[in-house]
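For reference, the structure is listed below as structure tokens.
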């Protein structure tokens with residue numbers, strides 16, 4: 001079964017759960033790095049500040065005689081006095097910094113397992129963006145060799161989840177080669193390295209290109225860790241790119257220079273008169289208190305504040321994914337630094353196809369105009385492309401989209417945009433039949449409007465908006481209030497299947513799963529035989545058996561292309577309506593689930 005499951009989506013981000021030996025983690029998450037030789041903030045204090053997990057360096061533990069013995073005797077959790085999840089770095093950073101480490105890849109892997117690390121890592125070769133190609137080629141070869149060594153002893157290492165990190169610097173072909181090689185090995189978790197120097201100099205666009213080059217080649221069904229990223233102003237952007245976790249000692253490194261983190265940037269203690277934060281540190285002390293206390297104590301308190309603000313921002317990112325407003329958060333955060341805004345432009349312009357393939361088809365929230373880059377967002381680009389399905393008819397002009405069929409006036413994203421100087425008053429109002437025809441075409445293609453021979457749309461008495469849809473007196477679905485899209489009933493799905501060419505609108509499940517799905521069980525990835533390749537997260541679909549017999553309808557969690565890349569245990573479709581009653585003592589169960 002899967003160690004990692006996805007619960008919700010927005011942009012290329014996933015709200016996920018990662019199961020480990022010491023509990024389940026909610027992703028995206030931050031692993032604050034703890035250095036036992038420089039214990040600025042204790043692991044227990046990190047836990048109290050909100051840490052789900054921490055990371056420590058196994059190479060440092062291995063090289064220190066007393067720490068090594070204590071870790072082997074008590075385990076890394078006992079050594080650190082931390083009851084949450086502990087991940088361990090392999091010493092790859094020391095390899096980058098000093099050019100070598102005095103331990104073999106296999107020895108440090110076995111050590112991580114012996115001390116009970118929940119998440120461990122191989123000795124890959126981190127790179128800057130300024131190295132020559134020959135050096136990068138040697139580093140890639142060593143990284144692949146380390147990954148293969150790990151794979152050769154994988155059976156000895158049960159109980160630890162293992163991260164494999166492709167390298168390659170700015171040489172895209174090398175990064176892609178390393179990613180393909182490591183993706184072929186059974187890692188539980190994959191990493192993307194931060195390009196040393198580029199990230200330090202805020203050249204985020206370079207980092208965007210490297211991340212996407214690697215991420216494209218990694219299996220969708222495994223979490224992806226972004227090494228060395230620790231400033232809260234960057235979390236939203238990098239999560240939107242597809243990073244599921246981060247690690248960093250930035251909270252401590254910044255504090256040692258008396259630098260105070262905020263979600264928008266960094267302030268220096270000497271220039272602050274009031275703390276713009278209500279964390280336990282900022283609620284108890286004011287800047288004058290910290291300026292007057294011994295430096296080391298002020299450093300410790302700023303480090304704690306930096307952790308609180310980092311965890312708070314990570315919770316905000318998860319809530320944005322849950323609520324469908326991650327792009328709005330990204331657009332807000334990138335305006336804290338010109339290089340972050342530049343990186344967003346690079347992401348949206350240079351990797352549009354990558355983003356669109358992962359972007360949900362609909363959202364619960366509106367689309368807020370936040371700058372010219374809003375027009376480049378993947379849901380906007382996709383919606384404009386789908387307008388090519390329409391010929392003629394009455395049109396209205398909507399910001400970002402141009403001429404739009406009037407029947408889509410209330411449909412996401414066209415009817416859910418908030419843009420400056422746009423006044424909806426006085427524009428054409430569609431009739432219910434126009435809405436139904438347009439929405440069916442937008443969702444399923446032009447053939448869908450032929451599904452119903454005698455359609456009638458019932459409007460809400462309280463709002464006047466379209467709701468239930470009937471065909472010849474039979475309820476065939478509804479226009480959903482939240483996003484204006486069509487949700488078919490079982491009868492509506494049957495009619496759609498008659499006119500839609502295979503595999504349009506369909507998810508085909510194996511015969512062995514047909515009965516379970518027809519009784520309301522979610523569709524898991526291991527039972528999917530085929531799916532419409534245009535399916536994106538949150539698409540309304542019809543679920544059929546191999547003979548095209550309707551079993552159920554539902555809403556997807558994944559894109560179709562991701563399904564084969566997920567291990568068993570991941571839900572692909574949450575069933576909404578099903579043709580048979582659930583197996584239950586209550587014989588009065590309805591054959592349709594609302």
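Derivation of every value follows stated rules applied to the coordinates shown; laboratory data play no part. Remember, it's a predicted structure, so these values are computed and weren't measured experimentally. FYI the Cβ positions are ideal-geometry reconstructions off the backbone, even for glycines, and counts take in every protein chain you see.
Modelled spin labels at residue 459 and residue 253, positioned 7 Å past Cα toward Cβ, are 6.1 nm from each other. Adding -39500 (n - 2.57) for every DSSP H run of four residues or longer, then dividing by how many residues the chain holds, sets the calculated 222 nm ellipticity at -10500 deg cm²/dmol. For the pair residue 384 and residue 142, a Förster radius of 51 Å applied to the C-beta separation gives a FRET efficiency near 0.65, rounded to the nearest 0.05. What the Cβ-Cβ distance of residue 293 and residue 353 gives, at R0 = 45 Å and to the nearest 0.05, is a FRET efficiency of 0.25. Using the Cβ-Cβ distance between residue 429 and residue 130 with R0 = 51 Å, the FRET efficiency computed as 1/(1 + (r/R0)^6) comes to roughly 0.30.
So how tilted is helix 133-152 from the main axis of the chain? Cα-based, degrees 0 to 90, rounded to 10. Compared with the principal axis, the helix lies near 80 degrees.
Computed from label points 7 Å out along Cα-Cβ, the spacing between residue 26 and residue 498 is 4.7 nm. Ordering 176, 156 from the fewest to the most neighbouring beta carbons within 10 Å gives 156, 176. Expressed to the nearest 5 percent, the antiparallel share of DSSP beta bridges inside region 4-323 is 40 percent. Full extension of the chain between residue 403 and residue 583 yields a length gain of 59.9 nm, computed as 0.36 nm times the residue separation minus the alpha carbon distance.
When you restrict to C-alpha pairs under 8 Å that are six or more residues apart and normalise by the size of region 185-233, the relative contact order lands at 56 percent. Ranked by how many other Cβ atoms sit within 10 Å of their own Cβ, fewest first, the residues 248, 90 fall in the order 248, 90. In this simple spin-label approximation, residue 422 and residue 283 carry label points 7 Å from Cα along the Cα→Cβ vector, and these lie 4.0 nm apart.
In the chain, the DSSP beta bridges split such that about 60 percent are antiparallel, to the nearest 5.
By DSSP, the beta bridges lying fully in region 1-152 are antiparallel in about 60 percent of cases. Only one of the listed values, (1) 27.4, 90; (2) 29.6, 109; (3) 26.2, 81, was derived from the coordinates as Rg and Dmax of the Cα atoms in Å; which label is it? Among (1) 27.4, 90; (2) 29.6, 109; (3) 26.2, 81, the one derived from this structure is (3). The distance separating the Cα centre of region 3-19 from that of region 207-252 comes to 14 Å. Annotation: the residues 450, 341, 182, 329, sorted from fewest to most other C-beta atoms within 10 Å of their own C-beta, follow the order 450, 341, 329, 182.
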